[in-house]
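The values are calculated or read from the model by the stated rules, or taken from the named source; none is laboratory data. All figures in this text were calculated on a predicted structure; none of them were measured in a lab. Cβ: placed from backbone, ideal geometry, glycine included. Neighbour counts: every protein chain shown. What goes into the accessible areas is simple: the full protein's heavy atoms, side chains included, and nothing from ligands, DNA or RNA. Shrake-Rupley method; radii C 1.70, N 1.55, O 1.52, S 1.80 Å.
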Amino acid sequence: MANTYHQLYIQIVFAVKYRNALIEEKWRSQLLAVIGNLINETGCKTIIINGVEDHVHCLIGLKPTITISELMKIVKAKSSKYINDNHLTNSKFSWQEGYGAFSYSQSQIDSVYKYILNQKEHHKKQSFHDEYLNFLNKFNVQYDEKFIFENLK
């Protein structure tokens, strides 16, 4: 076969360190655009990115030559540097270690897109903690809850 063909859809969810509500609405869209550009620069395809004060959801088309861990290392390092270099928060900004990555089929993309698009409304009814645990349970990911989130110091 002369070419490589792929169709890999991944939702990645990651949080602000200690789940602090630091992502302000006045610069959130700017941050989401930066994250989207960082994803695209790796050769992956940004489908939608959205988030609220304490976490971000990304739906991407994953390029098979880059691992999710490589992608997240780039995205989290460069986006936190962007936030800090532009003094968007009063203190040093960091993302929490780790992330959730969940795969979807082509037929699910529209519903996942709408889910990510409506994060603000969704989180009026459900906390990020509960949302994240629901993802882990829905995808049958084994976990120890004491290692899910970094606690405040």
Checked the range 111-153 for anything assigned to a helix (DSSP H, G or I) and open to solvent by 90 Å² or more (accessible area, probe 1.4 Å); matches are LYS114, LEU117, LYS120, GLU121, LYS138, GLU145, LYS146, PHE147
Extreme residue, modelled with the lowest pLDDT, among residues of the range 115-153 that are among the aliphatic types (A, V, I, L, M) and more than 19 Å from ILE47 (Cβ to Cβ): LEU152
Yes/no for SER111 being touching a helix residue (DSSP H, G or I) at 6+ places or on another chain (Cβ under 7 Å), small (Gly, Ala, Ser) and within 23 Å of GLU131 (Cβ to Cβ): no
Looking at (1) assigned to a helix (DSSP H, G or I); (2) closer than 30 Å to LYS146 by Cβ; (3) open to solvent by 20 Å² or more (accessible area, probe 1.4 Å), which is the only condition VAL34 fails? (2)
Within the range 1-25, how many residues turn out to be among the hydrophobic types (A, V, I, L, M, F, W, C), over 17 Å from GLY36 (Cβ atoms) and open to solvent by less than 80 Å² (accessible area, probe 1.4 Å)? 5
Residue list for the range 96-110, filter: loosely packed, with under 12 Cβ neighbours inside 10 Å and not in a loop (DSSP other than H, G, I, E, B): GLN106, SER107, ASP110
Take TYR82 and tell me if it is touching a residue at least 40 places away in the same chain (Cβ under 8 Å) and open to solvent by 30 Å² or more (accessible area, probe 1.4 Å). yes
The conditions are (1) surrounded by fewer than 16 Cβ atoms within 10 Å (Cβ to Cβ); (2) part of a helix (DSSP H, G or I); (3) not polar (S, T, N, Q), and ARG28 fails exactly one of them. Which is it? (1)
Filtering the range 37-79 down to residues that are under 23 Å from ASN3 (Cβ atoms) and of a type in the set (Asp, Glu), which residue is most open to solvent (accessible area, probe 1.4 Å)? GLU41
Identity of the residue in the range 31-69, more than 19 Å from HIS87 (Cα to Cα) and among the charged types (D, E, K, R), that ends up nearest to the chain's Cα centre (by Cα): LYS45
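Yes/no matrix, rows are residues, columns are (1) farther than 21 Å from TYR115 by Cα; (2) touching a residue at least 24 places away in the same chain (Cβ under 8 Å):
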position	(1), (2)
LEU59	no, yes
THR67	yes, no
THR89	yes, yes
SER94	yes, yes
